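*Asks:* Next up is a structure, given as structure tokens.
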Amino acid sequence: MDDHLYDEENFTSNKIDWNVWKKIFSFMKPLKKQVLLSIFCMIVLASTDVIYPYISKFAIDGIINPNLEAGTRDLSQLGYFIILYVIFMVIQATMVYLFIIFAGKVQTELAFNIRQKAFTHLQELPFSYYDRTRVGWIMARMTSDSRNLSEILSWGVIDFTWGLFLMVILIIVMLIINLKLALITIAIVPILMLVSTYFRKFILKAYRSIRKVNSKITGAYNEGITGAITTKTLVLENSNYDDFNLLTTDIRKQSIRAAMIQGLYFPSVIFLISIATALIYYNGGNMVFNLSISVGTLYLFTNYVWQFFDPVNNIASIFAQFQQAQASAERIVSLIESEPDITDSEEVTEKYGSLFDYKLENFEPLKGDVEFKNVTFKYHVGEKVLDNFNLSVKQGESIALVGHTGAGKSTIVNLICRFYEPTTGVITIDGVDYKNRSMSWLHSNLGYVLQSPHLFSGSVMENIRYGKLTATDEEVIEAAKQVEAHDFIIQFEKGYETECGEGGSRLSVGQKQLISFARAILANPRILILDEATSSVDTETEQLIQNAINKLLKGRTSFIVAHRLSTIVHSDRILVLEDGKVIEEGSHRDLIAKKGQYYDLYTNQYSEEMLELSIQ
Ligand SMILES: Nc1ncnc2c1ncn2[C@@H]1O[C@H](COP(=O)(O)OP(=O)(O)OP(=O)(O)O)[C@@H](O)[C@H]1O
Ligand SMILES: [Mg+2]
């Protein structure tokens, strides 16, 4: 099943999948220069690492060697030695400085490129994608996965280049100097490689399971804290505590295991290298006695054998990291490549432009006739919500949708907005199947206030202005006045500059809805859709909302989903829905006279309201 409700465990392949990496590497293309420069720095750095002990070898053989014949010893050469040493040190420091700059740039730019690409793609994906994908999953891709990838592709690649070149240069230099000693030293590399890879794998595995338990603990924390009140009222503290205890004991065991494995790794490596060193001393020592090599050369080899350790260790850990990062890479690619199932066809895009670059000059004016013709609809999961649904609405008509929860009211308005498309059948606007017009054409003529009014982070002013980005402050305030939001907005300490985002929770649902109304009316749309918030609103705000709605509707085709029936008494046509079917239809007066479902709903709500009033 093409389901995007992915879990971490779904992505844990062990083989390196080059197809996926090729796609991720393509994000590095604009950074080619920095990557090449940092690789160059690493090659220079690896060379200086090999040269250092070589300088010492000359110092030992040419200056310090006690066997030098009298007269040939020239201590003034020590000065040259020091100068040379300093020169290489400066080169090395410069390279380190440069590669940190280049790699840092690669890392940040890469993360930025990945996030930007993913973000743009997310804008194009329809509602249905978000039904199938948890927001948490998307957030994790945007944050930790893109961070993981940019880290391994910057520092990882650099470490790898350094390690690889250091080993290659070391091997070449050793082979040139002394074949036998070189072979002894090189023989240790594969063993070192095996041991390192083996341990790396275990260490990573251990840390991975620690991370898993850790995220469970975070989840438990979260639940324990955010659900504290519910827990307390249900007297679940004890069972919560036991769960938590189990998890923390688990993580303690795992951490100890990880530390033990890591503790074993270094002694094993040192043991191996010491054996190689002993072999070099044994063989090389004899050669020194035979005068076939100098003391300096022996020193060089004992030094080089230790130098192998860092690159081998680095490369092993990078391979392991790559394997781990592959899961991140796969998830990012799957996000970026997820196909939107609602898009404009090629011909439509050709004529009207894309979502981000539309050709306004080709947009036909929208009148506002809306028709559902034999529309059947089901969500990604679940049963058919609409089955052969028909509805014809004339320009300027105001339609109200009422019915019990789950009747299909929001589904109908979502279909009109083309957040979803009919599974079969067509929806026409001004007599044309809306799939033959662009999404941007529809949305530039459509104002909607959704069931859970969403305000963006930013000020009230900015939030209303989303309706028409070119609106002046005066136009924004005018729109707010029209929907009677102005009065409560100016009562805020900061007025129109009040923050709506995270810190804006002091806005009530009703106030949020009124701000959304202002946003909708500012756009001056031909079709207006209001999906009323279900949560209760105080009577004063309710009155405001009602007045606002009446103003909003004038001269537009409108669809109102109402929970408070008092809001819709003036609608031209009221549709009573049940299980996706219209079971009653007519004006408020007609339906009341009919004494059917609507009458029951209305009188029920009316008596409830009266009851509430009498209790107050
Ligand atoms: N995103 C979705 N994915 C799957 N099923 C959905 C989705 N949204 C709604 N449904 C289902 O479709 C049916 C109609 O839901 P809809 O939201 O249209 O009802 P509603 O009349 O707006 O109800 P309410 O008064 O509670 O807002 C319900 O059975 C619901 O479970
Ligand atoms: Mg609804």
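Conditions (1) under 32 Å from the mean Cα position of the chain (by Cα); (2) assigned to a helix (DSSP H, G or I), marked per residue:
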site: 263; (1), (2): no, yes
site: 270; (1), (2): no, yes
site: 285; (1), (2): no, yes
site: 288; (1), (2): no, yes
site: 293; (1), (2): no, no
site: 324; (1), (2): yes, yes
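*Asks:* Among the residues of the range 568-594, write down those that are assigned to a helix (DSSP H, G or I) and more than 16 Å from ligand 2 (Cβ to nearest atom).
*Replies:* 588, 589, 590, 591, 592, 593, 594
*Asks:* Identify all residues within the range 595-607 that are under 26 Å from residue 375 (Cβ atoms) and assigned to a helix (DSSP H, G or I); write none if there are none. Give the steps one after another, and end with the answer.
*Replies:* Step one: list which residues in the range 595-607 are under 26 Å from residue 375 (Cβ atoms), which gives 596-598, 601.
Within the range 595-607, 597, 598, 601 qualify.
*Asks:* Starting from residues that are hydroxyl-bearing (Ser, Thr, Tyr) and buried (at least 16 other Cβ atoms within 10 Å of the Cβ), keep the ones in the range 397-410 and report whichever is farthest from residue 527 (Cα to Cα).
*Replies:* Initially, the range 397-410 is screened for residues hydroxyl-bearing (Ser, Thr, Tyr), giving 398, 405, 410.
Next cut, buried (at least 16 other Cβ atoms within 10 Å of the Cβ) only: 398, 410.
Values: 398: 10, 410: 16 Å.
Top of the filtered list is 410.
*Asks:* Farther than 19 Å from residue 449 by Cβ, assigned by TED's automatic domain parsing to the domain that holds residue 415 and either within 16 Å of ligand 2 (Cβ to nearest atom) or modelled with pLDDT of 85 or more (or both), is that true of residue 605?
*Replies:* Details: farther than 19 Å from residue 449 by Cβ: yes; assigned by TED's automatic domain parsing to the domain that holds residue 415: yes; either within 16 Å of ligand 2 (Cβ to nearest atom) or modelled with pLDDT of 85 or more (or both): no.
Here the answer is no, as residue 605 does not meet what is asked.
*Asks:* Name, by its number, the condition in (1) outside any helix (DSSP H, G or I); (2) without any contact (Cβ under 8 Å) to a residue 60 or more places away in the chain that does not hold for residue 371.
*Replies:* (2)
*Asks:* Please give the number of the condition residue 536 fails out of (1) among the hydroxyl-bearing types (Ser, Thr, Tyr); (2) modelled with pLDDT of 90 or more; (3) within 16 Å of ligand 1 (Cβ to nearest atom).
*Replies:* Evaluating residue 536 over (1) among the hydroxyl-bearing types (Ser, Thr, Tyr); (2) modelled with pLDDT of 90 or more; (3) within 16 Å of ligand 1 (Cβ to nearest atom) leaves (2) as the failure.
*Asks:* Only one of 110, 125, 98 is touching a residue at least 40 places away in the same chain (Cβ under 8 Å), assigned by TED's automatic domain parsing to the domain that holds residue 332 and within 16 Å of ligand 1 (Cβ to nearest atom); which?
*Replies:* Result: 125 is the single residue among 110, 125, 98 that is touching a residue at least 40 places away in the same chain (Cβ under 8 Å), assigned by TED's automatic domain parsing to the domain that holds residue 332 and within 16 Å of ligand 1 (Cβ to nearest atom).
*Asks:* Then there's this: Assigned to a helix (DSSP H, G or I) and buried (at least 16 other Cβ atoms within 10 Å of the Cβ) - does that describe any residue in the range 352-364?
*Replies:* For the range 352-364, residues assigned to a helix (DSSP H, G or I) and buried (at least 16 other Cβ atoms within 10 Å of the Cβ): present.
*Asks:* Just to check your reading of the model, which residue among 511, 543, 482 is more than 16 Å from ligand 1 (Cβ to nearest atom), among the polar types (S, T, N, Q), free of Cβ contacts under 8 Å to residues at least 40 places away in the same chain and surrounded by fewer than 18 Cβ atoms within 10 Å (Cβ to Cβ)?
*Replies:* Working: 511 fails: surrounded by fewer than 18 Cβ atoms within 10 Å (Cβ to Cβ); 482 fails: free of Cβ contacts under 8 Å to residues at least 40 places away in the same chain.
Just one listed residue meets the conditions, 543.
*Asks:* When the residues of the range 490-508 are narrowed to those that are farther than 15 Å from residue 453 by Cβ and of a type outside the set (D, E, K, R), which ends up surrounded by the most Cβ atoms within 10 Å (Cβ to Cβ)?
*Replies:* Here the answer is 498.
*Asks:* Further, regarding this structure: With respect to residue 516, is the statement that it is surrounded by 19 or more Cβ atoms within 10 Å (Cβ to Cβ), among the hydroxyl-bearing types (Ser, Thr, Tyr) and within 16 Å of ligand 2 (Cβ to nearest atom) true? Quick ask: steps written out before the conclusion?
*Replies:* Working: surrounded by 19 or more Cβ atoms within 10 Å (Cβ to Cβ): yes; among the hydroxyl-bearing types (Ser, Thr, Tyr): yes; within 16 Å of ligand 2 (Cβ to nearest atom): yes.
Spelling it out, residue 516 is indeed surrounded by 19 or more Cβ atoms within 10 Å (Cβ to Cβ), among the hydroxyl-bearing types (Ser, Thr, Tyr) and within 16 Å of ligand 2 (Cβ to nearest atom).
*Asks:* Another question, if that's okay. When residue 412 is evaluated against the numbered criteria (1) at pLDDT 85 or above; (2) assigned to a loop (DSSP other than H, G, I, E, B), which criterion, by number, is the only one it fails?
*Replies:* Status for residue 412: all satisfied but (2).
*Asks:* Consider the range 546-565. How many of its residues are surrounded by 15 or more Cβ atoms within 10 Å (Cβ to Cβ), away from ligand 2 (no atom under 16 Å from the Cβ) and either closer than 15 Å to residue 484 by Cβ or modelled with pLDDT under 80 (or both)?
*Replies:* So the answer is 5.
*Asks:* Here's a check for you: in the range 373-424, which residue that is of a type in the set (D, E, K, R) and over 26 Å from residue 550 (Cβ atoms) is farthest from ligand 2 (Cβ to nearest atom)?
*Replies:* Restricting to residues being of a type in the set (D, E, K, R) and over 26 Å from residue 550 (Cβ atoms), the top hit is 373.
Residue by residue, here is whether (1) within 14 Å of ligand 1 (Cβ to nearest atom); (2) touching a helix residue (DSSP H, G or I) at 6+ places or on another chain (Cβ under 9 Å); (3) farther than 23 Å from residue 522 by Cβ holds:
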position: 343; (1), (2), (3): no, yes, yes
position: 382; (1), (2), (3): yes, no, yes
position: 395; (1), (2), (3): no, no, no
position: 421; (1), (2), (3): yes, yes, yes
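The values are calculated or read from the model by the stated rules, or taken from the named source; none is laboratory data. Just so you know, these numbers come straight off a predicted model, no measurement behind them. Note that each Cβ is placed from the backbone with ideal geometry, even for glycine, and that neighbours are counted across all protein chains shown.
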